[in-house]
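Asks: First the structure, then my questions, so here it is.
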Amino acid sequence: MKELGSYLRYGIAVLTCLLLLSVGGVAFAGEHTVEAALEASLSEEMNNYASGSVQMIEQQSAEVQTVPSSEEEATTIEVVAILIEFNEIRSNLFLFENKEIYYWDQTNSTLIERSDFEPSEEIISFQEAYSGVTGTELQAGSFALFMVLLLGSTIVIPVLVILLHNSSHPKGQQFFREAEKINF
């Protein structure tokens, strides 16, 4: 009888672990779908998008009403507002970090635009909370590279011109001698 109790506890523990893993798998599959849709959308919209760089930072879900069109009535859908971060590489040198808010229609499993629904209080507060965070920033390493290139082009090029300028050329000397003879 004692052995039966230990087997029963072991069985319950295994079933609990399997149940937790299966629930975690469903949540991960949903996130994977959102990330795949974001990857596809960014790849299509942006020429300089660094593939595979999407990270979901924060999200807020709410039930909202769709904006009715002339043919359809307004319906209630569940929308998830997602703050994402992704990278953009320009000229294969400069790395930009972007943060934007995207909207995922949980009911139809598609990305939607902000104009497709009437925002709820949750969505409005999410937008207001992260409105100062969104935008594009040049990363520190890329900024340092830009400054080195700028400094190089404004200082090194004129120094090279001065050093490599050949003033001993006969035509150059003749020009300066004739300019000295003319008195203005």
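Asks: Among the residues of segment 57-76, what is the count of those that are surrounded by fewer than 17 Cβ atoms within 10 Å (Cβ to Cβ) and part of a strand (DSSP E or B)? Working first, answer last.
Replies: Our first condition is that a residue be surrounded by fewer than 17 Cβ atoms within 10 Å (Cβ to Cβ); within segment 57-76, this holds for 57-59, 61, 63, 65, 67-76.
Within this subset, residues satisfying the condition of being part of a strand (DSSP E or B) are 57-59, 61, 63, 65, 76.
Of the residues in that region, 7 qualify.
Asks: Tell me, which residue of segment 35-60 that is under 19 Å from Leu93 (Cβ atoms) and hydroxyl-bearing (Ser, Thr, Tyr) is farthest from the chain's Cα centre (by Cα)?
Replies: Ser51
Asks: Right, another one. Search segment 86-111 for residues that are on the phi > 0 side of the Ramachandran plot and touching a residue at least 40 places away in the same chain (Cβ under 8 Å) and pair each with any residue that is open to solvent by 70 Å² or more (accessible area, probe 1.4 Å) and aliphatic (A, V, I, L, M) when their beta-carbon atoms are under 7 Å apart and the residues are at least 6 apart or on different chains.
Replies: Nothing qualifies.
Asks: Turning to a different aspect of this structure: Cβ-Cβ below 7 Å, separation at least six or inter-chain, first residue in segment 59-73 and modelled with pLDDT under 85, second surrounded by 13 or more Cβ atoms within 10 Å (Cβ to Cβ): which pairs?
Replies: Pro68/Ala74
Asks: State whether one or more residues within segment 118-126 are buried (at least 16 other Cβ atoms within 10 Å of the Cβ) and either among the aliphatic types (A, V, I, L, M) or in a strand (DSSP E or B) (or both).
Replies: Quick first cut of segment 118-126, residues buried (at least 16 other Cβ atoms within 10 Å of the Cβ) only: 119-120, 123, 126.
Keeping just the survivors that are either among the aliphatic types (A, V, I, L, M) or in a strand (DSSP E or B) (or both) gives 123.
The answer is yes; a qualifying residue exists.
The values are calculated or read from the model by the stated rules, or taken from the named source; none is laboratory data. All values derive from a computational prediction rather than experimental measurement. Ideal geometry is used to build each Cβ from the backbone, glycine not excepted, and the neighbour counts take in all protein chains shown. Protein only, heavy atoms only, side chains kept; ligands, DNA and RNA dropped before computing areas. Shrake-Rupley method; radii C 1.70, N 1.55, O 1.52, S 1.80 Å.
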